[in-house]
Each structure stands twice: as structure tokens, then as C-alpha cells.
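The values are calculated or read from the model by the stated rules, or taken from the named source; none is laboratory data. As the structure is a computational prediction, the values presented were derived from the model and not from experiment. Heads up, the Cβs are rebuilt from the backbone with ideal geometry, glycines too, and the neighbour counts pull from every protein chain shown.
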């Protein structure tokens, strides 16, 4: 498995749960990931996120582009994932 370290950025409540605003996690660079498989992979490192991610709305962005549920992504060393809470308006 050729792996790459991907930067994960956490915002809002996710940052509070994990205790950091960013970290690097290894991903297999030879396969394509969906939004769900990305989240499943992150939860392997932080099981505390499982219930939060299943019950709360948030946005997932890869390389500063929002990811749709059906999008497929491959990662390289320069890749970045952001887990963003819903933004309030007003």
C-alpha cells in the first residue's frame, strides 16, 4: 500500500473533541475515497468522532473544494482535508 500523509484540519466542535486543529493521517494513495470512506478512515484514528459525525451536519472539503457524497478522491502528499461545522447566518 503506497501511503501518503494527508493534512486533516478540524474546526469548531470537532477541534474541541480531538484537542487539535490539525494533524497528518496516512491514506493509501493507490485507491479512490468517497466522503464516507474518508470519514471512516479518520474515525479509525479518533473513535470519539463516530457518533458526532453520524448525528451532526458538517461539510467535508478536500483541497479547498467541498466534496459531494458521490465524488471520488485520490490523495497525494500535498492533499488537505477540512472538516467544517455548519456556518450560522445572520
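Of the strands (runs of 3 or more DSSP E) that lie entirely inside region 9-90, those containing 1 or more residues that are in contact (Cβ under 8 Å) with a residue 40 or more places away in the chain span 22-28, 80-84. Only one of the numbered conditions (1) in contact with a strand residue (DSSP E or B) (Cβ under 9 Å, 6 or more places away or on another chain); (2) at negative phi is violated by residue 12, and that is (2).
Looking at region 23-38, which of the residues that are touching a strand residue (DSSP E or B) at 6+ places or on another chain (Cβ under 7 Å) and surrounded by 14 or more Cβ atoms within 10 Å (Cβ to Cβ) is nearest to residue 66 (Cα to Cα)? So that I can check it myself, show each step before the final result.
We begin by selecting, within region 23-38, every residue touching a strand residue (DSSP E or B) at 6+ places or on another chain (Cβ under 7 Å); these are 23-29, 32-33, 35, 38.
Those still in the list that are surrounded by 14 or more Cβ atoms within 10 Å (Cβ to Cβ) too: 23, 25, 27-29, 33, 35, 38.
Working: 23: 19, 25: 19, 27: 19, 28: 21, 29: 20, 33: 14, 35: 10, 38: 13 Å.
Looking at residues that are touching a strand residue (DSSP E or B) at 6+ places or on another chain (Cβ under 7 Å) and surrounded by 14 or more Cβ atoms within 10 Å (Cβ to Cβ), I get 35.
Restricting 30, 21 to those that are over 17 Å from residue 61 (Cβ atoms) and modelled with pLDDT of 95 or more reduces the list to 30. Selection of region 15-32 for residues being closer than 17 Å to residue 79 by Cβ and out of contact with any helix residue (DSSP H, G or I) (no Cβ under 7 Å at 6 or more places or on another chain) yields 22, 23, 24, 26, 28, 29, 30, 31, 32. Within region 67-82, the set of residues being modelled with pLDDT under 95 and under 13 Å from the mean Cα position of the chain (by Cα) comprises 67, 68, 69. Restrict the check to region 7-14 and report whether at least one residue is at pLDDT below 90, out of contact with any helix residue (DSSP H, G or I) (no Cβ under 8 Å at 6 or more places or on another chain) and surrounded by 14 or more Cβ atoms within 10 Å (Cβ to Cβ). Among the residues of region 7-14, at least one is at pLDDT below 90, out of contact with any helix residue (DSSP H, G or I) (no Cβ under 8 Å at 6 or more places or on another chain) and surrounded by 14 or more Cβ atoms within 10 Å (Cβ to Cβ), which makes the answer yes.
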